[in-house]
Structures are given as structure tokens and as C-alpha cells.
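First up is the structure itself, then whatever we jot down about it.
The values are calculated or read from the model by the stated rules, or taken from the named source; none is laboratory data. These figures come from a predicted structure and were not determined experimentally. Because the Cβ atoms are built from the backbone with ideal geometry, glycine has one as well, and the counts that use them run over all protein chains shown. These area figures cover heavy atoms from the full protein model, side chains too; ligands, DNA and RNA do not enter into them. Shrake-Rupley method; radii C 1.70, N 1.55, O 1.52, S 1.80 Å.
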Amino acid sequence: MSIRLSLLAATTALLVPVMASASTLSDLPASCFTYELAGTKAVTHGLTAKTLHATLTGTDITLDIHGVNLSDPSGHVESATLERFNAVAAYAALSAFRGGVSAACKEQSLTINSSDIRSGTPQAAWTDVTLARPGHNMTIHKASIQAVQTTPDLRLKVEGTGIHDTKQPLMPTQLSADLTVQGLDTARQQITINALHAVSGSSAIDGKGSIEPGATASTSTADLHVSVTNVDTLIGEIRDTAPKKVVAALTIARLMGRQSGDATLWDIGLSGGVVTINRIPLPFSVP
């Protein structure tokens, strides 16, 4: 179950910086985050770039992309704002790959000016993506994030194909998510996962639900519903390649799930630092 939860957590981590940042990255010092586009070219309603390189300073975690396409088909969002939108996506991807905001960035803040993207549909498409740290690489053949609605709420669609992670045998090879952010300009937002779909080996993972992110897990709430098909087959596929604790966690999760045909179902809750699975509290609290 921890791997399944991390899939949702990664998607949320990608989204949260977007709703908390994007107006400008000039307030982020180089001691936190660096970002560089090379080979940029203006195109109709957007711009392209040959390469992107970004890093969380002091972490040895880097992001390299060989092919960037930024656009707003509606023509309402300026190129400079598209680049900020893209930079925030890069910052979010790095933070998600790290598993959280780096120490150097914790006291930093970014602000999204939602009026910059109102009435527009900004989107970023990346090709040949590599997230790397010493001894651990994650590659994605194609990835995209698209704001399909910007008023009154922000609705995003995220997709990734050709995904491979050298440390995570359960990492899906395909992932798509449809998410809505309410309260974009308020201190407290709500993320609704309208649909999440992923493919890992012979299994399909589907999810939906809502998250209210707080400053920490203990001040966040979540109500998620996840299903995974062919769990027994999936355990067999990873038994010889995944760490024993991952296999054990998935085996325990299977026992806690409800069966519906070839799918195993979990209702996952988080409130006051307590995680529940199918209404059963887990015997630990999250910080």
C-alpha cells in the first residue's frame, strides 16, 4: 500500500507547487533552485526550447529535458507566464522526486498570480525527461501538464508515458491524472482527484478522492479511493526484484483490501495525522 500511496503523493506533490507558485521565480534564490532553458524559439501562442536543466541546489538532484513545448491554444497567456508555469512544474517535479521540499527551500515562497492565467489554458509538454540523483534515475519518454480550466477553479491534466525508475519496481510505466484545485487564491486549497489511472506491469491502478494539504501531514486531510487489478500477479512480478519490505507491504495491503472481481479496493483516509484503510486506523501517526 505504501507504494500505491506514494503514487498519489507524487501526483499531489506535482500539483501543490503549481497552486502555490508561478507568478515569478525571481524570489527563489539560487541557493534553493536553479533553472535554465536553452535553444528557445517563439512559436504561435507559445515557445519551444531544445533543453531544460534544473536542480535543487545542494541536493545533487537534477532535472534534464530534451524537448520543451509551452503553449496556450487560447492565446490569452503570455510567453513569459508560460515559462514561469513551466519553471514551477520543473520545481515541483524535483521536489516530488526528492520526496519533499529541500531544506534550502523551506523558508522560501512563490506566489501564483491567478489573473495571469485566467481565461487561458496554459500547457507544458516535455520529451525525454531524466530526474537523477546519485544511484537513482527516473526517466519519462513524454510528460505533460495542462490547465484545461482556470476559472472559477483550476483544473489540471497530467500525463506521463514511457516511465522507468531504477529504484522503484512498482513505478507505473504510464500515468494520467485529472485534478481540480479549489480556493486557488486562499490560504487553504482543496485538491479533487477526479480520476487517476496508471499501469504497472499487468495491473491497472485507478483512484479518485480529495486532499486538503496542510503545512504537514498531520495538518492535512485526505479521502481517497484506490483500486488495483491483479494484485497477486503484481506481487509475483516484483517478488525477485523489489525490496522485501515492499513485497511485504503490498501483501499486507492486499489482505486489508476488499475484493471486487479482479480488483482490490481501498478507502484511504487521513485526519489528525492518523491514516485509516477501509476505516481501520493504522497503528502509527504521521508527522
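For the chain, a crude dipole built from +1 on the beta carbon of Lys and Arg and -1 on the beta carbon of Asp and Glu, taken about the Cα centre, is about 500 debye to the nearest 20. Checking (i) -0.32, -0.70, -0.89; (ii) -0.26, -0.65, -0.91; (iii) -0.31, -0.74, -0.98 against log10 I(q)/I(0) by the Debye sum over Cα atoms at q = 0.07, 0.11, 0.13 Å⁻¹ calculated from these atoms, the matching label is (ii).
Can you tell me how much longer the chain between residue 50 and residue 258 gets when fully stretched, taken as 0.36 nm per residue apart minus their C-alpha distance, in nm with one decimal?
On the way: separation 208, 0.36 × 208 = 74.88 nm, distance 4.74 nm.
So the extension gain works out to 70.1 nm.
Here the simple spin-label model places points 7 Å from the Cα toward Cβ, and for residue 164 and residue 280 these points are separated by 3.8 nm. Using R0 = 35 Å, the C-beta based FRET efficiency linking residue 66 and residue 107 works out to 0.60.
Placing unit charges on the Cβ atoms only, positive for Lys and Arg and negative for Asp and Glu, gives the range 197-287 a dipole magnitude near 240 debye about its Cα centre. Computing the accessible area with a 1.4 Å probe over protein heavy atoms, can you report the carbon and sulfur percentage for the chain? Carbon-and-sulfur percentage of accessible area, whole number: 54. Taking every C-alpha pair closer than 8 Å and separated by at least 6 residues, the mean separation divided by the residue count of the chain gives a relative contact order of 13 percent. Only the Cβ atoms of Lys and Arg (+1) and of Asp and Glu (-1) were treated as charged; on that basis the dipole of the range 57-146 about its Cα centre amounts to roughly 240 debye.
A 1.4 Å probe run over the protein chains yields, for the chain, 47 Å² of accessible area per residue, whole-number rounding. Each of the trypsin sites (Lys or Arg not before Pro) that DSSP puts in a loop and that has at most 10 other Cβ atoms within 10 Å breaks the chain; the longest unbroken stretch is 1-105. Points 7 angstrom from Cα along the Cβ direction at residue 41 and residue 133: gap in nanometres? For residue 41 paired with residue 133, the spin-label model returns 3.6 nm.
Applying a length cut-off of 24 Å (Cα extent along the axis) and a mean Kyte-Doolittle floor of 1.0 to the DSSP H helices of the chain leaves 2-20.
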